Amino acid sequence: MLAKIHSAAVWGVDAYAVEVEVNATYGKAVVVVVGLPDTAVKESRDRVRTAVNNSGYKFPYGRVTINLAPADVKKEGPSFDLPMALGIIAASDQLKPIHLEDYWVVGELALTGEVRAVKGALSIALSARKHKKRGLILPAANASEAAVVAGLEVYPVRHLRDAADFLSGAAGILPVRVDPAEILDGFDAIEHDFADVKGQEHVKRAIEVAVAGGHNVLMIGPPGSGKSMLAKRIPGICPPFTLDEALETTKVHSVAGLLTPEQAMVTRRPFRAPHHTISDAGLIGGTANPSPGEVSLAHNGVLFLDELPEFRRSALEVLRQPLEDGTVTISRASGSVTFPTQFMLVAAMNPSPGSGGFGDAQRGRATALEIRRYLNKISGPLLDRIDIHVEVPAVKHETLLRPHAAETSADIRARVIKARQIQHERFAAKRKVRCNAQMSSKDLKAFVPLDTDSESLLRMALSELNLSARAYDRILKVARTIADLAGAEKVDATHLSEAIQYRTLDRQVWG
């Protein structure tokens with residue numbers, strides 16, 4: 001007898017439909033899985049057989065053929081265990097499913113018949129709604145994650161028998177309901193506060209501008225000046241997620257298997273800080289089965305690279321496409337996968353291989369040639385893609401010892417949110433532009449018009465600092481953000497002067 005169960009698989013961060021066809025006939029006792037299964041899918045034969053028997057059903061004696069369609073796409077992972085088992089039970093006439101066409105089924109099986117969590121549940125739920133399916137049957141541990149998709153009924157199952165009884169009409173299961181807006185409203189308390197940082201007021205201002213406009217920022221200063229301390233406090237001033245941003249980020253983390261059991265969504269912007277020994281594949285994603293790298297896991301959040309020159313040159317160069325396009329494409333023999341990478345890059349580095357500032361103190365520890373070699377580890381094209389360069393000097397003892405009353409992260413965050421709201425209204429008609437850093441050259445002409453004085457100031461700065469055309473665009477974007485923080489409708493020379501100040505290290509360090 002032939003049975004057909006509808007399932008799904010994940011490729012990249014999106015899901016596609018898979019039909020699990022099971023045919024049970026007389027003949028030699030063997031189970032054959034076809035349709036380009038990987039090792040995990042092939043091994044499911046033994047898992048499914050044991051799970052079916054331990055759940056009180058009889059595994060058919062004879063030849064069982066399982067086809068995963070479309071047959072020309074490689075199938076990966078254990079998520080087909082549950083649909084395979086249900087198909088075998090139905091093909092052996094132990095189950096008469098009702099309205100099976102209306103549901104997709106995914107889930108990994110334990111040998112006891114227990115249903116275990118799978119990766120990519122949110123992507124599968126979104127695809128099921130796109131295919132106009134009534135509901136999705138999946139592990140209970142993934143139910144909250146999938147239930148954030150409106151217009152789709154999500155039925156959690158904990159055991160193979162639960163799924164079989166539901167499809168046969170012998171038992172009912174209540175669909176899980178989740179309100180994503182309610183989840184996003186519960187913003188967690190700020191863990192690291194800018195009020196703890198003494199001094200470095202100009203650096204805090206630069207970081208505020210960077211977060212308000214989604215700009216990349218590079219901090220340059222000696223060890224112990226507080227670069228890492230400042231970076232760790234950036235998530236506390238980031239604006240809250242929109243629903244679209246939360247869903248996009250949750251999809252990536254779900255595919256990577258980073259969601260905790262029963263976690264519905266990623267509610268805080270990610271902060272990823274990989275070690276400088278990371279490989280190219282670990283940074284941008286890859287391996288034999290393409291999976292998200294650190295740049296994708298930081299999507300809609302912050303990617304912090306401490307000790308930037310210590311990263312491999314090849315790893316830094318592969319950042320150029322993700323920074324420019326907001327996506328990264330990984331090509332393998334099995335096909336190409338595109339992951340989203342709209343993150344804010346925060347980098348930190350010393351001004352020389354040793355310690356010290358930009359003066360003679362550093363030269364006592366490193367020669368001019370050593371300093372040049374150290375700085376040349378970062379290419380010009382990568383530096384051009386970093387909007388803000390700011391020096392972080394060593395904090396004086398007097399500053400550390402005296403009492404201070406610094407602004408809290410909540411105060412800074414309030415200004416950031418206000419500036420982002422202005423940008424949201426400005427780019428309401430542009431779905432792909434969410435902040436000033438994502439503006440195109442065409443957008444700059446429309447939203448950053450310059451008067452005569454501003455044009456003269458910018459022309460002089462470009463000549464003196466010998467900046468590239470890409471740096472010119474970056475200055476305009478940063479100036480637009482500074483104007484938004486000030487509540488100004490137009491960019492004037494004051495805003496432009498501050499934006500130019502954040503590029504002066506181009507000449508001082510690399511010029």
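Before moving on, here are some points about what is shown:
- Any hit, the range 162-172, residues being outside any helix (DSSP H, G or I) and closer than 25 Å to Gly120 by Cα: no
- Screening Ala315, Ala246 for residues that are over 21 Å from Val13 (Cβ atoms) and in a helix (DSSP H, G or I) leaves exactly one candidate, Ala315.
- Number of residues in the range 241-255 that are open to solvent by 30 Å² or more (accessible area, probe 1.4 Å) and more than 14 Å from Arg434 (Cα to Cα) equals 2.
- Listed by position, the strands (runs of 3 or more DSSP E) enclosed by the range 1-114 that each have at least 1 residues that are over 30 Å from the mean Cα position of the chain (by Cα) and modelled with pLDDT under 95 are 2-11, 14-25, 30-34, 63-69.
- Only one of Tyr472, Tyr502 that is without any contact (Cβ under 8 Å) to a residue 60 or more places away in the chain and among the aromatic types (Phe, Trp, Tyr): Tyr472
- Conditions (1) out of contact with any Ser or Thr (no Cβ under 9 Å at 6 or more places or on another chain); (2) surrounded by fewer than 18 Cβ atoms within 10 Å (Cβ to Cβ); number of the one not met by Thr481: (2)
- Annotation: of all residues in the range 392-450 being among the small types (Gly, Ala, Ser) and closer than 17 Å to His215 by Cα, the one that is most open to solvent (accessible area, probe 1.4 Å) is Ser441.
- Tally, over the range 227-240, of residues that are open to solvent by 20 Å² or more (accessible area, probe 1.4 Å) and farther than 27 Å from Gly12 by Cβ: 4
- Residue satisfying all of: in the range 458-478; modelled with pLDDT of 90 or more and hydrophobic (A, V, I, L, M, F, W, C); surrounded by the most Cβ atoms within 10 Å (Cβ to Cβ) among these: Val478
- One residue alone among Ser296, Ser291 is open to solvent by less than 30 Å² (accessible area, probe 1.4 Å) and of a type in the set (S, T, N, Q), and that residue is Ser296.
- Some residue of the range 258-274 being among the acidic types (Asp, Glu) and touching a Lys or Arg at 6+ places or on another chain (Cβ under 9 Å): no
- Residues that are touching a residue at least 40 places away in the same chain (Cβ under 8 Å), β-branched (Val, Ile, Thr) and under 19 Å from Leu184 (Cβ atoms), drawn from the range 144-168: Val148
The values are calculated or read from the model by the stated rules, or taken from the named source; none is laboratory data. Quick caveat: nothing in here was measured; it's all calculated off a predicted structure. Please note: Cβ atoms are built from the backbone with ideal geometry, for glycine as well, and neighbour counts cover all protein chains shown. Surface areas here come from the heavy atoms of the whole protein model, side chains and all, with no ligands, DNA or RNA. Shrake-Rupley method; radii C 1.70, N 1.55, O 1.52, S 1.80 Å.
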